[in-house]
Amino acid sequence: MQDVQAFISTLDECSDFILIMKVEQVGIYTYYYANRYAIEMGNFKESSYGKRIEDVLRPNRAKYLIEKYNECISLNKRVVIENTVHLLNGNILGEAIVTPVIDQNGECSHLTVIAKNILEKRLKEEELFRANKLLDSFIDSSADGIIVLDYNNKVTWVNNAFLELFGYEKEEILYLQPTVWQSERDHKDFLSILKYVKQGKELRDYETKRLRKDGTELDISVTYSPYRSSDGKIIGVICFVRNISERLKDNELIRNLDRLSIIGQLAAGVAHEIRNPLTALKGFSRLLQSTLMSPDQRRYINIMLDELERIELIVNEFMTLAKPEAIEFQEACIQELILSTVTVFETQAHLHNVLIECSFSQSEPIVISCQPNQLKQVFMNFLKNAIEAMASGGKMEISLKIEGEYVVISFKDNGIGIPEDRLKHLGTPFYTTKEKGIGLGLTISNKIIKEHEGEMNIHSKLNHGTTINVSLPLLTSARII
């Protein structure tokens, strides 16, 4: 008896839920003992001692336990009750183990039922689940593309930003090697980087180009980091991808502005010094032209005057870029500005067999705030370039349309077009596609349009012509004239 009491005292000290069921006969079980923990947990009352299971528990639960207890006795071995039980005080019991107790006659006289309180474990699991969901949500909403590769370089996870950046659906890239978003020339470098990162090292802000699904190249910056398991073992690579196309464009713009600044400093310093002797040279050349000269001498004088005028043009364009000027804006009708510019070029266009066609769908005047002469200079530059691009004749179409608070003017020709590799350099100071060009026409045009709070876009394809779209803000009451 003392041994039994000692045993029960030991059970009371256990932190597990322990019941001892008495086997009245197979299928009939009564509560014989519950340890202190079982009573404190709130799901067992001492008044249940001696009562049958079906008198204490709900019918469905009692039936399930009786089946499990019967199984334990018939098999004469441990049986696991796998489902969880939510107790009255909020605790949760995990799986329970039922063990037969064999008496001296070899019969099963009692059953022990032992279960653990898994509330704390469950709460930690739920907290971890919520944290993982929050992390997944954060990663998926990241503006940077994120892609995870396993140790065999296959894609195991990718976020929405990456898919949008490269134009893929998740099914098109998941569980495949990421060769789809790299060109062949980059493949060896890519494999070398992955090998380097798998050694536990990190490669940050690696700038390169990758291919979108549509075949276009994208400038990106990639940070490669080792992907580790919970025990610290490297199991793959995480790639953080950022689109740097706009940043590179901004850098190029800054470089162009630096060039313009240098041009301005040069122009301010030498333009007047060049103009003085230039005026003298032009004056004396015209004086010589008016004297009696032989045909050959007159031809030489004409060549000299042509070249002097070219020098004067370059000096004037330098002066335009020298430093910002105070621009006085005034109201003007954009249709009238275009038509007056076209009138100036009609004769030259006719000589080159070029037809200039204006198509204005709006019958009402479109009024903008501008410096008319500067915009005319821009339009003249576009028309001059178009005529030169159509050496064998062609057609220039000028059209207008309203887009929100802007008027968009399109200049479209069917000339020789511009190669794609040269297109991105247009507007860069001193860059020209023409044999005798000086590379300042589009630079000045773009500068004027920017000063009018507008934007210029050039689209061209070799042997298919060029289209220049200029967006200018419509006149509003808020504009200071």
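The values are calculated or read from the model by the stated rules, or taken from the named source; none is laboratory data. This is a predicted model, so every value here is computed, not measured. Quick reminder, even Gly has a Cβ in these numbers, built from the backbone with ideal geometry, and neighbours come from all protein chains shown.
Brief remarks follow.
- Restricting attention to the range 361-373, the residues that are closer than 15 Å to Val470 by Cβ and more than 38 Å from the chain's Cα centre (by Cα) add up to 2.
- Identity of the residue in the range 22-43, of a type in the set (A, V, I, L, M, F, W, C) and in contact with a Phe, Trp or Tyr (Cβ under 8 Å, 6 or more places away or on another chain), that ends up modelled with the highest pLDDT: Val23
- Residue check for Ile39: surrounded by 16 or more Cβ atoms within 10 Å (Cβ to Cβ) and in a helix (DSSP H, G or I): no
- Meets criteria (in the same structural domain as Ile444 (by TED's automatic domain parsing) and more than 17 Å from Thr467 (Cα to Cα)) for Ser399: no
- The one condition from (1) farther than 20 Å from Lys450 by Cα; (2) of a type outside the set (Val, Ile, Thr); (3) assigned to a strand (DSSP E or B) that Ser363 does not meet is (3).
- On the stretch given as the range 44-62, residues that are touching a helix residue (DSSP H, G or I) at 6+ places or on another chain (Cβ under 8 Å) and either at pLDDT 90 or above or not in a helix (DSSP H, G or I) (or both) total 3.
- Among residues of the range 71-126, those that are of a type in the set (Asp, Glu), modelled with pLDDT of 80 or more and part of a helix (DSSP H, G or I), counted: 1
- When the residues of the range 375-432 are filtered to those that are acidic (Asp, Glu) and more than 30 Å from Glu364 (Cβ to Cβ), the one that is modelled with the highest pLDDT is Glu388.
- Test: residue in the range 182-201 that is within 17 Å of the chain's Cα centre (by Cα), assigned to a helix (DSSP H, G or I) and at pLDDT below 85: no
- Condition broken by Leu165, with the remaining ones in (1) surrounded by fewer than 17 Cβ atoms within 10 Å (Cβ to Cβ); (2) modelled with pLDDT of 85 or more satisfied: (1)
- Whenever a residue of the range 100-117 is touching a residue at least 40 places away in the same chain (Cβ under 8 Å), its partners that are of a type outside the set (Ser, Thr, Tyr) and assigned to a loop (DSSP other than H, G, I, E, B), lying with C-beta atoms within less than 8 angstrom and at least six residues away or across chains, give the pairs Cys108/Asn76; Ser109/Asp103; Ile114/Asp16; Ala115/Asp16; Lys116/Asp16; Asn117/Asp16; Asn117/Met41; Asn117/Asn91.
- Restricting attention to the range 329-384, the residues that are in contact with a Gly (Cβ under 6 Å, 6 or more places away or on another chain) and among the aliphatic types (A, V, I, L, M) total 1.
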